[in-house]
Amino acid sequence: MAPSRILAPLCMALCTLIASHALAYEPPRTAGGKVNFSGVWQVLNTANDSLEAQPGRAAQVLRDGPAVPVPVRELVALGATGAIPPSIGVVEGDVIPYRTSALAQREQNRANWITADPEVRCYLPGIPRANYMPHPFKIVHNDDSLFFNYAYAGAVRNVALTDPGPAPLDSWMGQSWTRWEGDTLVIETTGFNDRTWFDRSGNYHSDKLKVIERFTRTSDHTIDYAATIEDADLFTRPWTIRMPLYRRVGRDEIMLQFNCVEYVEEMMYGHLRKEPLD
């Protein structure tokens, strides 16, 4: 019998087994029957470096070298710790659909990353960036509340359970409210200022930004996370990023706050010393 005639039924049986296992997963639920997303979660990707796919390179910002580009002066001493790993990207369709008029600002952001990226100064990260920074975050969820606590910069989100209407003012983290699509938790966030970035590659937004996030539990230890970005001022159409979130377990299932504000005081205010450090 031809090998293909043997392998085909085996492959079909294996696919059926995998599909039936996925369909059989029953997520934990709250007392009211909704899927419970409580836990400490973190990504295992490099989306914070760049949402789009990119090759590895020597540093976030490069300058012309005698043969190949080399790190700018401020980053040379970091060596390999300042290098950027390659990434397959998390943007559906691969490319962020910027309007032509918006690309120049993105390139300027990239060139000035050392001083322009809000993360460098420990400003609040905004949404969706807070969810894929290289730091854990905790979701506390029951029938009466949905709360996100991020290790980075002490950022928090208290998500409303019904639409509160327009935000009274713009803010770094925006105003979020939640609804359900079956077992998928949907969070809509608006009311942003225009000061956060999506990643270290200078991808940015205006204050017209709207983010629609979808959280779907796929196992006890994974969430399928998707965020659709709407901003007609900068993009020709809505676009979506997608990635898995992984639950931290055992001794790793703990939140240690990364209160980085004090770590940037020298960079931001050191020049004000009576005798500035060399």
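Looking at LEU75, LEU103, which one is without any contact (Cβ under 8 Å) to a residue 12 or more places away in the chain and not in a loop (DSSP other than H, G, I, E, B)? Steps first, please.
Numbers: LEU75 fails: without any contact (Cβ under 8 Å) to a residue 12 or more places away in the chain.
Unique residue meeting the criteria: LEU103.
If you go through region 158-171 one residue at a time, how many are closer than 16 Å to ASN131 by Cβ and open to solvent by 50 Å² or more (accessible area, probe 1.4 Å)?
Step one: filter region 158-171 for residues closer than 16 Å to ASN131 by Cβ, giving 158-159.
Now restrict to residues that are open to solvent by 50 Å² or more (accessible area, probe 1.4 Å): 158.
The total comes to 1.
Kindly provide the set of residues from region 231-260 that are of a type in the set (Asp, Glu) and over 28 Å from PRO27 (Cβ atoms), ordered by number.
Taking region 231-260 as the starting set, the residues that turn out to be of a type in the set (Asp, Glu) are 231, 233, 252-253.
Across region 231-260, the qualifying residues are ASP231, ASP233.
Can you name the number of the only condition in (1) in a helix (DSSP H, G or I); (2) open to solvent by less than 70 Å² (accessible area, probe 1.4 Å) that GLU52 fails?
(1)
Quick one: which of GLY270, GLY182, GLY191 is on the phi > 0 side of the Ramachandran plot and open to solvent by less than 30 Å² (accessible area, probe 1.4 Å)? It would help to see each step written out before you state the result.
Values: GLY270 fails: on the phi > 0 side of the Ramachandran plot; GLY182 fails: open to solvent by less than 30 Å² (accessible area, probe 1.4 Å).
Result of the check over GLY270, GLY182, GLY191: GLY191.
Scan region 206-225 for residues that are open to solvent by less than 10 Å² (accessible area, probe 1.4 Å) and part of a strand (DSSP E or B) and report the count.
So the answer is 5.
For region 22-44: of the residues being buried (at least 17 other Cβ atoms within 10 Å of the Cβ) and closer than 22 Å to ASN203 by Cβ, which is nearest to the chain's Cα centre (by Cα)?
The selected residue is VAL43.
Name the residues in region 234-267 that are open to solvent by 70 Å² or more (accessible area, probe 1.4 Å) and either free of Cβ contacts under 8 Å to residues at least 60 places away in the same chain or assigned to a helix (DSSP H, G or I) (or both), would you?
Residues satisfying the conditions are PRO238, VAL249, ARG251, ASP252, VAL261, GLU262, TYR263, GLU265, GLU266, MET267.
Residues that are hydrophobic (A, V, I, L, M, F, W, C): list the strands (runs of 3 or more DSSP E) wholly contained in region 138-205 that include at least 2 such residues. Reasoning before the result, please.
Working: elements: 145-150, 156-158, 175-181, 184-190.
It comes to 145-150, 175-181, 184-190.
The values are calculated or read from the model by the stated rules, or taken from the named source; none is laboratory data. Just so it is clear, the structure is predicted and the values come from calculations on it, not from any experiment. When we count neighbours, we look across all protein chains shown, and the Cβ atoms used for this are built from the backbone with ideal geometry, even at glycine. Please note that ligands, DNA and RNA were not included when accessible areas were found on the heavy atoms of the full protein model with its side chains. Shrake-Rupley method; radii C 1.70, N 1.55, O 1.52, S 1.80 Å.
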